[in-house]
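Asks: The structure that follows is given in the form of structure tokens.
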Amino acid sequence: MPGANLAIFDLDHTLLAGDCSQLWGEHMQRLGWVEAQAFAAAHQALMADYHERGLDMQAYLALTLAPLAGRSEREVTAEVALFVQEHIVPRLYAQSWDLLDQHRRAGDELLLISASEDFLVAPIGRALGFRHIFGVPCERRDGRFTGRGAGEPTYGQGKVHCLERWLASRGQHATHSTFYSDSHNDLPLLEWVSQPVPTNPNAQLRQIAAARGWACLQLDQPPRRRAQA
């Protein structure tokens, strides 16, 4: 079984100054796809619970995918493309591009594995030049969103399962692996890889990193626009 050197990245608060799913929720409010006040209150409550106990992924998906139920993939894809260029690309850390280029020059295989929805993660990943992109799978039927998730979310241990399935599908194993993430919720994958790199770590991950002797990385250069890879 051939080996591969992997450079694996989280997205939100790691390569991106913000959370793409939260920003998309704000965009849906501007579009009138949700009742703004009720949606914002429900989202705020879920995020408060997330910071206390971890994310209830099923409840989160129920909230964020309901506005898409019945909408065509074409409509959503077109709106997301505009959203990514206007509200996401300008928020990508300047150092993100340099870090990705560094791994490409080293010959590493790059993967983006995010706990945000796949229809958001895919175009952002492509803008960053990724070929292997994984987000929380969202169900479509007959060219329309159903408003439900589909399969195991790429969250927590689900990120490890996603990576292992990808490796198995290629008949490969990881000779060396590096993972960049900001969140303690990614601890399963941080423990799985050869080289964990807490990046812009939250308070919980920073504490874990200090206890384990993991060197942290801070991406703090202001985001800058860059031509799509």
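The values are calculated or read from the model by the stated rules, or taken from the named source; none is laboratory data. Since the model is a prediction, treat every value here as computed from it, not as a measurement. Here the Cβ is made from the backbone with ideal geometry for all residues, glycine too, and neighbour counts use every protein chain on show. Please note that ligands, DNA and RNA were not included when accessible areas were found on the heavy atoms of the full protein model with its side chains. Shrake-Rupley method; radii C 1.70, N 1.55, O 1.52, S 1.80 Å.
Asks: Please turn the phi angles of segment 149-161 into ³J(HN,Hα) values with the Karplus equation 6.51 cos²θ - 1.76 cosθ + 1.60 (θ = phi - 60°), one per residue in order, whole Hz, x for glycine and proline.
Replies: x, 8, x, 6, x, 7, 9, x, 4, x, 5, 5, 4
Asks: Over the Cα atoms of segment 96-229, Rg to Rh with Kirkwood Rh, two decimal places?
Replies: Looking at segment 96-229, the ratio lands at 0.97.
Asks: In addition: For a quick check: with amide H placed at 1.01 Å from N, whose amide H comes under 5 Å from ALA7's, ignoring anything fewer than 5 positions away on the same chain?
Replies: Hits under the 5 Å cutoff: GLU109, LEU110, LEU111, THR178.
Asks: In angstroms, what radius of gyration and Dmax does the chain have, counting Cα atoms only?
Replies: 17.3, 53
Asks: Under the rule of at least 5 residues apart or a separate chain, name every residue whose amide H is placed under 5 Å from the amide H of SER116.
Replies: VAL136
Asks: Right, here's the next one. With θ taken as phi - 60° and the coefficients 6.51, -1.76 and 1.60, list the Karplus ³J(HN,Hα) couplings across segment 98-111 in order, rounded to whole Hz; mark glycine and proline as x.
Replies: Ordered by residue, 3J(HN,Hα) equals 5, 5, 5, 4, 4, 6, 5, 5, 6, x, 6, 8, 9, 10 Hz.
Asks: Using a simple charge model, +1 on the beta-carbon of Lys and Arg, -1 on the beta-carbon of Asp and Glu, nothing else, what dipole does segment 97-229 show about its Cα centre, in debye to the nearest 20?
Replies: 360 debye
Asks: Between rounded, prolate and oblate, where does segment 149-189 land on the alpha carbon gyration tensor, with a ≥ b ≥ c its root eigenvalues, rounded for a/c under 1.5, else prolate if a/b exceeds b/c? Walk me through the numbers on the way to the answer.
Replies: Details: a/c = 3.10, a/b = 1.16, b/c = 2.67.
Here segment 149-189 falls in the oblate category.
Asks: On to the next question. Placing unit charges on C-beta atoms (Lys and Arg positive, Asp and Glu negative, everything else neutral), compute the dipole magnitude of the chain about its Cα centre in debye, rounded to 20.
Replies: Here the chain has a charge dipole of around 520 debye.
Asks: Further question on the same structure: How long are the semi-axes of the ellipsoid equivalent to segment 77-152, from square roots of 5 times the Cα gyration tensor eigenvalues, in whole Å, largest first?
Replies: Details: eigenvalues 131, 49, 16 Å².
Ellipsoid half-lengths, sorted descending, are 26, 16, 9 Å.
Asks: Sequence-distant or interchain residues sharing an amide H contact under 5 Å with HIS132, placed H: which?
Replies: LEU112
Asks: Between MET47, MET28, MET57, which gets the highest mean-square fluctuation from a Gaussian network model of the chain, Cα cutoff 10 Å?
Replies: MET47
Asks: Relative contact order (percent) for the chain, with alpha-carbon contacts under 8 angstrom and 6 or more residues of separation?
Replies: 28 percent
Asks: Suppose we keep just the DSSP beta bridges with both residues in the chain; what percent of those would be antiparallel, to 5?
Replies: Beta bridges within the chain, antiparallel portion: roughly 20 percent.
Asks: Also, I was wondering about something else. For segment 41-169, what D do you get in µm² per second when you plug the Kirkwood radius from alpha-carbon pairs into Stokes-Einstein at 10 °C and 1.306 mPa s?
Replies: Using the Kirkwood radius from Cα pairs, D works out to 98 µm²/s.
Asks: Related question: Need one value: the accessible area of PHE130 in square angstrom, 1.4 angstrom probe, rounded to the nearest 10.
Replies: Result for PHE130: roughly 10 Å² accessible.
Asks: Separate question: If you build a Gaussian network model of the chain, linking Cα atoms that sit under 10 Å apart, which residue out of ASP98, ASP108, ASP118 swings the most?
Replies: ASP98
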